[in-house]
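What follows is a single structure, written as structure tokens, with notes after it.
What follows is calculated from the coordinates using simple rules that are stated; it is not laboratory data. Computed from a predicted structure; not experimentally measured. No Cβ is skipped: glycine too gets one built from the backbone with ideal geometry, and neighbour counts run over all protein chains shown.
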Amino acid sequence: MSQDGAKVLDVRQVPPFQRHPLIFQTFESLGAGEAMVLVNDHDPKPLYYQFAAERAGRFEWEYLEQGPEVWRVQIRRK
């Protein structure tokens, strides 16, 4: 599924322990300049900190929707 050319990754039904590996796998599959839209059931702020620590300078993070039931974040690979 895509949204404005970005891959949409809805992790709301994915078991919590599988979410981050799936998100990072999807991110790594993106080409430079491509984006994914993460759909989650909570604010993925801890994920942002993990991106910042492990992939500093290699991504852009933009909230598209901020709850209270659904969070959508566009993550673009630089």
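Side notes on the structure shown:
- Candidates in segment 5-43 are the residues that are buried (at least 17 other Cβ atoms within 10 Å of the Cβ) and small (Gly, Ala, Ser); of these, the one that is nearest to Arg55 (Cα to Cα) is Ala35.
- Residue-level check: of (1) surrounded by 13 or more Cβ atoms within 10 Å (Cβ to Cβ); (2) in a loop (DSSP other than H, G, I, E, B), Gly57 misses just (1).
- Scan segment 60-78 for residues that are in a strand (DSSP E or B), hydrophobic (A, V, I, L, M, F, W, C) and over 9 Å from the mean Cα position of the chain (by Cα) and the total you get is 2.
- Members of segment 4-54 found to be of a type in the set (D, E, K, R), outside any loop (DSSP other than H, G, I, E, B) and farther than 11 Å from Arg72 by Cα, listed by number: Lys7, Arg19, Glu28, Lys45, Glu54
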